[in-house]
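The values are calculated or read from the model by the stated rules, or taken from the named source; none is laboratory data. As the structure is a prediction and not an experimental result, all values here were calculated from the model. Note: ideal-geometry Cβ built from the backbone for every residue, glycine included; neighbour counts use all protein chains shown.
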Amino acid sequence: MSQAVSKLSASDLASLIPHVGLSPAASAATNGSSQVEDMLAKLEQAGFLIEATRLMAHALPKREAVWWSCMCAGHTAPPELPEADQMCRRGAEEWVRQQNEKARYACWELAQASGFGTPEAWTAMAAFWSGGSMSPEGQPVVPPQPHFTGNAAAGVIALAAVRGNPARRDARLQRFLESGRNIAAGGAGRLPPETA
C-alpha cells in the first residue's frame with residue numbers, strides 16, 4: 001500500500017461526505033465510491049473540480065491540509081500581497097512546522113489582523129482550528145469541530161482558484177489537486193508562483 005493511499009484513506013469517506021457539499025449531479029457521478037481516492041477520481045473525471053478539492057481538504061490530515069492550503073494560496077498570490085496577508089500564510093506554515101499552541105494562537109491573531117478577506121487569512125484559520133481550544137488562553141476549553149480545518153482549507157482553495165482571473169479557475173484547480181496528491185504521497189506539494 002502506498003503512502004498516498006494511507007494518508008487519504010485514514011479518513012472514513014462516509015463521515016467526510018456531509019462536509020463536502022456535493023450537488024445531486026456530483027453525488028450521481030460518484031455513486032458507488034467507497035474510498036476517498038475513487039471518489040476524487042470520479043469527481044475530477046466528471047468535471048466537479050471544486051467538489052474534488054473540498055473532498056481533498058477534508059480527507060488530508062489536518063497538518064497536510066493546512067500546508068496544502070498554503071501552497072495553493074501562494075500560487076495565486078499577487079506580487080503586491082499586503083504584509084498582513086503574507087504574515088498569515090507564514091504563520092500557518094510555521095504552525096505546520098511547530099504544531100504547538102503558541103504557533104496556533106498566533107495564527108488566530110494574524111487572521112484577525114488581516115480582516116479575514118483573503119485566502120491567506122483562511123490558511124491561518126485552518127491552522128487555528130486544527131485542535132486545542134477556540135477560547136482565549138486561560139478560558140474554559142471550547143474545541144473546534146473536527147471538520148473546521150477542512151472547511152477553512154477548502155475555502156482557501158476556492159478563493160485562490162478565482163483570485164485575479166476567474167477564467168483560470170479550472171486550470172488552477174487541476175494544479176491544486178495535483179499538489180494535494182503529492183502532499184498525500186509525502187511530498188511538499190510546492191507550486192511556483194503563477195506567471196501572468
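Looking at Leu49, is it at pLDDT below 95 and either surrounded by 15 or more Cβ atoms within 10 Å (Cβ to Cβ) or in contact with a Cys (Cβ under 8 Å, 6 or more places away or on another chain) (or both)? No, not satisfied. Against the condition basic (Lys, Arg) and closer than 20 Å to Arg172 by Cα, how does Arg89 come out, does it pass? Taking the combined requirement at face value, the residue satisfies it.
Only one residue in Gly180, Gly150 is in contact with a Gly (Cβ under 7 Å, 6 or more places away or on another chain) and under 17 Å from His58 (Cβ atoms), so which one is that? Result of the check over Gly180, Gly150: Gly180. One residue stands out among those in segment 8-30 that are of a type outside the set (A, V, I, L, M) and either more than 22 Å from Ile183 (Cα to Cα) or in contact with a Ser or Thr (Cβ under 8 Å, 6 or more places away or on another chain) (or both): the one that is surrounded by the most Cβ atoms within 10 Å (Cβ to Cβ), which is Thr30. Inspect all residues belonging to segment 101-122 and state whether any of them is in contact with a Lys or Arg (Cβ under 6 Å, 6 or more places away or on another chain) and not basic (Lys, Arg). Yes, there is a match, as at least one residue in segment 101-122 is in contact with a Lys or Arg (Cβ under 6 Å, 6 or more places away or on another chain) and not basic (Lys, Arg). Residues of segment 80-123 that are surrounded by fewer than 15 Cβ atoms within 10 Å (Cβ to Cβ) and closer than 21 Å to Thr53 by Cα: Phe116, Gly117. Across segment 129-179, the qualifying residues are those that are surrounded by 20 or more Cβ atoms within 10 Å (Cβ to Cβ) and of a type in the set (Phe, Trp, Tyr), and the one among them that is farthest from Thr195 (Cα to Cα) is Trp129.
Any idea which of (1) of a type outside the set (Lys, Arg); (2) closer than 17 Å to Ala160 by Cα; (3) without any contact (Cβ under 8 Å) to a residue 40 or more places away in the chain; (4) surrounded by fewer than 22 Cβ atoms within 10 Å (Cβ to Cβ) is the one Ala77 doesn't satisfy? Single failed check for Ala77: (3).
The selection criterion, being buried (at least 18 other Cβ atoms within 10 Å of the Cβ), in contact with a helix residue (DSSP H, G or I) (Cβ under 6 Å, 6 or more places away or on another chain) and assigned to a helix (DSSP H, G or I), does not hold for Ser33.
Counting only residues that are basic (Lys, Arg) and buried (at least 17 other Cβ atoms within 10 Å of the Cβ), segment 182-196 holds 0 of them. Only one entry in Arg104, Arg89, Arg97 is closer than 16 Å to Leu159 by Cα, modelled with pLDDT of 95 or more and not in a loop (DSSP other than H, G, I, E, B), namely Arg89. Do we find that Ser11 is modelled with pLDDT under 95, of a type in the set (Gly, Ala, Ser) and not in a helix (DSSP H, G or I) in this structure? Judged against the criteria, Ser11 is a match. If you filter segment 141-196 down to residues that are acidic (Asp, Glu) and in contact (Cβ under 8 Å) with a residue 24 or more places away in the chain, you find that the one that is nearest to Met39 (Cα to Cα) is Asp170.
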